[in-house]
Amino acid sequence: MHLDAGQQIGKDPWFITGIGILLLLGFLAVAGPFLVPHDPYDISFSPLRPPSADHWLGTNDGGMDILSELVFSLQNTVIFGVTAGMAGLVLGVVTGLFSAWAGGWTDQVLMRLADIVLAIPSVMVLILVAAFFQPSPVVLALALAGLAWPTTARGVRAQALTLKNSLHIKAAQRMGGSGRYIIARHLMPELFPLYLINFAAKTRMAVFMEASLAFLGLFDPGEKSLGLMISYALQYYYLDIWSNWLMPPIMLLSLLIMGATFVTISLEKNFDPRLRKTV
Amino acid sequence: MRIWKKKWSTPVLVYLTAALLMAYASFRLPHLLPGDFVTAMYAGSDVTLNAEQEAELRAFYQNTDGFQGYLRNLATLDWGYSHAFMAPVSQLFLQALPWTLLLMGTAHVLSTLLGFVLGVEAAWRRGSLLEKAGVGIMTVLEGIPEICSGVLLLLVFALSFGWFPAAGAQMAYADHTFGQWLADVVHHLTLPLATLILAYLPGNFLLARAGMVMVLESWFVLTARAKGLPPVRVRYAHAARNALLPMVTRFGLRFAFMITGALVVETIFSYPGLGTLLFNAIAMRDLPLVQGIVLFSSIMVLVVNLGMEYVYHLLDPRVGHAS
């Protein structure tokens, strides 16, 4: 089934478009800071200039080059998204597998804990933490991961439970395979498509959160972030500079979330056994 | 009472624990900060406190009654005093709450109804050009965050065309009759509401469609058709009600997303609800106000989610039997 779906997804136009967008933006985020002509923190240019040959997107109210700012912001937003997505995924997969394999009381306790964490609106906790401690973005990303793992844990647990009763796992047990061996060599690899779906969905959510939290003013104002850029530019939206200052971060953020959305929806469609038929 | 059957104890316990955890975090976090954080926080703020106010705030955070006393204060609407707005936190919260409820409530009801009907109709016309275009448009819309669509709507309809106001919820100091006032409120509501509907509709549409496609393959739908029932009856009375379930289950998962979006949308349009209040509180580092808004919006979210759980049990009797 998996191989089949793997071949099929390569032909899904949504998947191709989404991956294309993400690769392009990923390249921009990694290589961009080396390509832009100015330091994004340099405030020596004359402020609020329209685009010119030297400043392709003009300068902002602080006299910083908007193009350089944009590229560094994109990088920070992507780092936040990937960190939170990765950490949330690892946490969820470990809890889910452990819960399914251990069963009994461990399972009960872990799943009730997942229910509780799932019920708490994560943005509110992040706002509280950010307002009191003003931590670095990486810490906030990890905190977000600490609140976002239950969905993954539940999905992984459900799939692992069905796998646990399948014949080849029973055979591996009879041959004397230890719990660790079976989890590492059988359960983990066989659930691989689930990881992709969850990673894509979590990263998308984290990028959205980062932009929103930055927009609400919860990040260090000196930090570069797409949300912060939108927030600053919006204060001057009535001036004629919105086309070169406000629009670029909006477009980049939309593209980023759109790419992640396309990939998530396409992966879900192709790998989720229940949704297979709806394609 | 019937709803207090055993199956009810688990969700109620889960949500109660979550609420207590939030309250405890809000109570405990200030104590974890090193040194004299009141002075440190307000040093970087637009609000200047005199020595008396500072001492008062310090006493508020050094609450000696412990967690129980904190909970008692919360229950009696004693949530502290906002020095930035010169008013009690509970008063500010209750002033902003109706606008947020109006905006989010309307957005939810409209986008759920519209998304459901459109999704059901799309699934019914599966394979047609109309359905494919609908799914395509909705997938693209799902990828546009509220920040972006909100700013675009603001630029186009408030700034360029000037059809709608760019800020506020009603005209200030206007001497309106009730009808004029209502029209004015709707006029101010349009843009933020449109932004939220654009954000919520695609998810509802895609979920309803996916659920309906699966339901349409069941035998009972074939039976209903074979009996010669009119298509509308087959669609809604027989099939669509079964497609409701996934929408209800996913609601809780999507809710945290929606809250975040609503905070941002209110800020973009300076709508005088909780989001804008929170934005201002953060900007002025008004800690008691931030805490009050965060805690009580969280509790409201928990109550809504618990309500959804109840609705889910009502809609699907199988859940009750399974657990």
A:ALA143 vs. criteria assigned to a helix (DSSP H, G or I) and open to solvent by less than 30 Å² (accessible area, probe 1.4 Å): no
Complete set of residues in the stretch A:25-47 that are touching a residue at least 12 places away in the same chain (Cβ under 8 Å) and open to solvent by 60 Å² or more (accessible area, probe 1.4 Å): A:LEU28, A:VAL30, A:LEU35, A:PRO37, A:ASP39, A:TYR41, A:ILE43, A:SER44, A:SER46, A:PRO47
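Matching residues to (1) under 17 Å from B:PRO98 (Cα atoms); (2) in contact (Cβ under 8 Å) with a residue 60 or more places away in the chain:
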{"residue": "B:THR177", "(1), (2)": "no, no"}
{"residue": "B:TRP181", "(1), (2)": "yes, no"}
{"residue": "B:VAL213", "(1), (2)": "no, yes"}
{"residue": "B:TYR236", "(1), (2)": "no, yes"}
{"residue": "B:ALA239", "(1), (2)": "no, yes"}
{"residue": "B:LEU245", "(1), (2)": "no, yes"}
{"residue": "B:ARG254", "(1), (2)": "no, no"}
{"residue": "B:MET258", "(1), (2)": "no, yes"}
{"residue": "B:ILE268", "(1), (2)": "no, yes"}
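One line per residue, one yes/no per condition, for (1) in contact with a His (Cβ under 9 Å, 6 or more places away or on another chain); (2) open to solvent by less than 40 Å² (accessible area, probe 1.4 Å):
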residue	(1), (2)
B:PHE116	no, yes
B:ALA122	no, yes
B:GLY127	no, no
B:LEU130	no, no
B:GLY134	no, yes
B:ILE147	no, yes
B:ALA169	yes, yes
The stretch B:275-298 - residue that is within 18 Å of B:MET258 (Cβ to Cβ) and within 9 Å of chain A (Cβ to nearest Cβ) and, of those, surrounded by the most Cβ atoms within 10 Å (Cβ to Cβ): B:GLY275
Helices (runs of 4 or more DSSP H) completely within the stretch B:174-276 that count 1 or more residues being more than 29 Å from the chain's Cα centre (by Cα) and among the small types (Gly, Ala, Ser): B:219-226
Subset of the stretch A:56-85 (residues that are assigned to a loop (DSSP other than H, G, I, E, B), in contact (Cβ under 8 Å) with a residue 24 or more places away in the chain and more than 13 Å from A:ILE43 (Cβ to Cβ)): A:LEU57, A:GLY58
Long-range neighbours under 9 Å by Cβ, at least six apart or interchain, first residue at the interface with another protein chain (Cβ under 7 Å from one of its Cβ atoms) and free of Cβ contacts under 8 Å to residues at least 40 places away in the same chain within the stretch B:16-28, second open to solvent by 80 Å² or more (accessible area, probe 1.4 Å) and assigned to a helix (DSSP H, G or I): B:THR17/A:ARG112
Pick from the stretch B:68-88, criterion hydrophobic (A, V, I, L, M, F, W, C) and part of a loop (DSSP other than H, G, I, E, B), ranking: farthest from B:LEU57 (Cα to Cα): B:LEU77
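The values are calculated or read from the model by the stated rules, or taken from the named source; none is laboratory data. Predicted model, so just to flag it, every value in this text is computed and none were measured. Every residue, glycine among them, receives a Cβ derived from its backbone with ideal geometry; neighbour counts consider all protein chains shown. The protein model used for the area step is the full one, side chains on, heavy atoms only, and it has no ligands, DNA or RNA in it. Shrake-Rupley method; radii C 1.70, N 1.55, O 1.52, S 1.80 Å.
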